[in-house]
Every structure is written in C-alpha cells, then in structure tokens.
Amino acid sequence: MSTSTVVKLADLPKAQPFVLSDEERHDIEHALGHYPDSRAASIDALKAVQKRRGYVCDEAIPVLAEAIGISAADLEGVATFYSLIFRRPVGRHVILVCDSISCHLTGYDELKGELVKQLGIQLGQTTKDKRFTLLPICCLGACDRGPTLMVGDDLHGPVEPADVKKLLEQYA
C-alpha cells in the first residue's frame, strides 16, 4: 500500500521578489537618457540585468518594464525576440557557433561535431559544471574567417576541429 503526501501551496517555497541593484538601475537610467522614447532602452535594460546576473529571469520583466515605462508584455516580446538575451541560466562561458551558409561551406558540421564531443553536450545545452553553454547563431559577421565561433566577446576563426580542445582550455 502506498502512502501519498499532500503538499499545501502555502508550504511551497516562495519566490523572492526581484529587485534591481543600484548598478543595474544606474545603467538603465543612463540608457534612458540616450533615447527620446523610453521603449528604445528596452534592450539596454535587459542587457544591464543579464550583464550582472547571467540571464534575465521571468521575475525581472515586470520590474524592468516599470523602470523604463512600458508594459511587461511589450518587454517580454523584446526579450524573447533577441537571441542574445538569455531567459534561462547559462554557463560561465557562452559559445556561439556560427551556422550561416558561409560557415556551413567552410566546415561548420565538423566544428560543431568536435564541440559536441569535447563538451559532452548538444546545441542549446550547458555542461554539468556550468562552465559552457553551446548555442547556434545565424551569423557572426566574419564570413571571411569561417567557420567561426564566439566565446563571450572573443571571436575565433577560422576554427579547425583540432583547435577546439586548446581553445576551450583558455576559458577555465
């Protein structure tokens, strides 16, 4: 005979309210000063939070929307449209591997295969140690150096599969 446990809603942990840090608030106010329409500061506001927290959690959206004077629905639309605004936790180093036609023609499949092998994850996943997240990106604007990838703000290309292990070691 099995026993079931009843969990009451009141017993579940409560989410902590999202509060902007002084630095985030400063960055947002600075961005607002650059635009005649506060909507234009949407991406800057999202980036201010992501810069310090690694991603933009769901609870941040209404707080940020209020700070810049737009609806939460409008800001959610911006946040989900831009692929470089991360809505879930990512690794300490985000690897963006270019999957444009130029990179496909110059060795994308082999590069992606080696990254998957070395990291032990697929595109869209994060390593167990939270060191790397591997994501595709449609173009890095370095078509003359394909195949390319970025780790954080560092552009690498052309990257040969044999270079991957040494490249990853740079981001300990």
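The values are calculated or read from the model by the stated rules, or taken from the named source; none is laboratory data. Predicted model only: the values in this text are computed from it and were never measured. Here Cβ is always computed from backbone atoms with ideal geometry, including for glycine, and neighbour counts include all displayed protein chains. Ligands, DNA and RNA are excluded from the accessible area calculation, which covers all protein heavy atoms including side chains. Shrake-Rupley method; radii C 1.70, N 1.55, O 1.52, S 1.80 Å.
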### Task
Considering only segment 80-95, state which residues are over 14 Å from Ile137 (Cβ atoms) and of a type outside the set (Lys, Arg).
Thr80, Phe81, Pro89, Gly91, His93
#### Entry: Whichever residue in segment 66-117 is within 12 Å of the chain's Cα centre (by Cα) and of a type in the set (Lys, Arg) and, among such residues, is farthest from Leu46 (Cα to Cα)
Arg92
### Residues located in segment 91-103, provided they are open to solvent by 40 Å² or more (accessible area, probe 1.4 Å) and in contact (Cβ under 8 Å) with a residue 12 or more places away in the chain
Arg92, His93, Asp99
### Task
Return yes when Thr127 is touching a helix residue (DSSP H, G or I) at 6+ places or on another chain (Cβ under 6 Å), within 25 Å of Gln50 (Cα to Cα) and surrounded by 12 or more Cβ atoms within 10 Å (Cβ to Cβ) and no when it is not.
yes
### Query
Any residue in segment 52-61 that is in contact (Cβ under 8 Å) with a residue 24 or more places away in the chain, over 25 Å from Ile137 (Cα atoms), of a type in the set (D, E, K, R) and not in a helix (DSSP H, G or I)?
yes
### Task
Give me a count of the residues in segment 144-169 that are touching a helix residue (DSSP H, G or I) at 6+ places or on another chain (Cβ under 9 Å), open to solvent by 80 Å² or more (accessible area, probe 1.4 Å) and not basic (Lys, Arg).
3
### Query
Which numbered condition trips up Arg25, out of (1) within 19 Å of the chain's Cα centre (by Cα); (2) open to solvent by 30 Å² or more (accessible area, probe 1.4 Å); (3) modelled with pLDDT of 95 or more?
(1)
### Task
Please verify whether segment 104-119 includes one or more residues that are among the hydrophobic types (A, V, I, L, M, F, W, C) and within 20 Å of Tyr55 (Cβ to Cβ).
yes
### Message
Among the numbered criteria (1) among the aromatic types (Phe, Trp, Tyr); (2) surrounded by 14 or more Cβ atoms within 10 Å (Cβ to Cβ); (3) without any contact (Cβ under 8 Å) to a residue 24 or more places away in the chain, which one does Phe86 miss?
### Response
(3)
